[in-house]
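This report refers to the structure that appears directly beneath it.
The values are calculated or read from the model by the stated rules, or taken from the named source; none is laboratory data. Quick caveat, the model's predicted, so the values are computed rather than measured. Cβ sites come from the backbone with ideal geometry, for glycine too, and all protein chains shown count toward neighbours.
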Amino acid sequence: LEAELGQLDCIPLEMVEANENEVDVEDAVESQARQEDGQELDVEPIVVEAMERTEGLFNEFAERVLSRDLLLDPSNAAKHEVLCGLVSRASRAVYATLQAPHMWSGEHGSTVMRILAETRIVITWMDLQDPAIYAQYQNYGRGKAKLMRRHLETLIETSGEAVPIDVRELAERLKKKAGGDLGEAFQEVSVDTTFSGLTMRKMAEEAGLMDVYRYLYQPTSGVTHGEWWAIEDYAMQRCVNPLHMVHHIPSFQPEFPIEPMYSRLLVAQLDGIMRQVLAILAPADTK
Ligand SMILES: [Zn+2]
């Protein structure tokens, strides 16, 4: 009976492959050492180079956008703020990911790649609109903050003493930032899912960036939201017990395959975004 039950257990493919690789222990040890060696030799300089390049790009960008030569439209400070803010956010995301090479893969690097794709679509789309769009972007976000604070207040009211002190502090901080009760009274709250009232797909379409949407935004969103294909690809493995037919079981391999090219791709995307923003903010300057 025990043998029969044993046959019912799942047989993870990763285990079978690991056993196959153990055939020649000496070879295995050697190849592992070579790999570890190779990683130390390869990844470290790539990290350093990519981080230096990002720092350089950011400093150059900051110098340009903060220079007084740059013609600023005083009636549209929101444009400068929003575009610089989006670049700042993208730069920080890239910089953080560059410091963590185990995040350089389709599985764990999807968040930053999605930010970059979203940024490109949003800045390109906004540039095609009336300049008031930048204030609308900020207004939408402030409305969201108001909504968040309202939810927190409801939580505090209904839970009373049970609410942790940091939740109260957060509510207080949000209130101050919004200019207190008076400041917030005039703040509109939008129930649209994006600042433009359009889906990311629609904005990409109008901006002529369907390629960015299809090849970067959509797949990375799939990973972020845990669409089944992404879970199956990255977090599952096959069970090879023939009695179980074909089914998937969790992957237990604690490995993070690194794609060294990923860092260069991130930096190149960021570079493109910065150039585009500079061209929008200082068209005469960029040629
Ligand atoms: Zn199974």
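Couple of notes before you dig in:
- Pair list, Cβ under 7 Å, 6 or more apart: segment 228-246 residue closer than 16 Å to Gln218 by Cα, other residue more than 12 Å from the ligand (Cβ to nearest atom) and of a type in the set (A, V, I, L, M): Ala230/Val223
- Residue in segment 198-210 that is over 19 Å from the mean Cα position of the chain (by Cα), among the hydroxyl-bearing types (Ser, Thr, Tyr), at pLDDT 90 or above and farther than 30 Å from Val47 by Cβ present: no
Matching residues to (1) surrounded by fewer than 17 Cβ atoms within 10 Å (Cβ to Cβ); (2) at pLDDT 95 or above; (3) under 15 Å from the mean Cα position of the chain (by Cα):
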site: Ile123; (1), (2), (3): no, yes, no
site: Met126; (1), (2), (3): no, yes, no
site: Gln129; (1), (2), (3): yes, yes, no
site: Gly141; (1), (2), (3): yes, no, no
site: Arg150; (1), (2), (3): yes, no, no
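For (1) closer than 18 Å to Glu118 by Cβ; (2) at pLDDT 90 or above, each residue gets a yes or a no:
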{"position": "Leu216", "(1), (2)": "yes, yes"}
{"position": "Ser221", "(1), (2)": "yes, yes"}
{"position": "Asp233", "(1), (2)": "no, yes"}
{"position": "Gln237", "(1), (2)": "no, yes"}
{"position": "His247", "(1), (2)": "no, yes"}
{"position": "Glu259", "(1), (2)": "no, no"}
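- Filter result (touching a Leu at 6+ places or on another chain (Cβ under 7 Å) and within 17 Å of Met126 (Cα to Cα)) within segment 172-205: none
- Of all residues in segment 255-287 being under 18 Å from the mean Cα position of the chain (by Cα) and of a type in the set (Asp, Glu), the one that is nearest to Phe58 (Cα to Cα): Asp271
- Residue in segment 27-42 that is at pLDDT 75 or above, of a type in the set (Asp, Glu) and over 21 Å from the mean Cα position of the chain (by Cα) present: no
- Restricting attention to segment 199-256 and to residues that are assigned to a loop (DSSP other than H, G, I, E, B) and within 16 Å of the ligand (Cβ to nearest atom), the residue that is surrounded by the most Cβ atoms within 10 Å (Cβ to Cβ) turns out to be Ser251.
- Selection within segment 130-174 - part of a loop (DSSP other than H, G, I, E, B) and of a type in the set (S, T, N, Q): none
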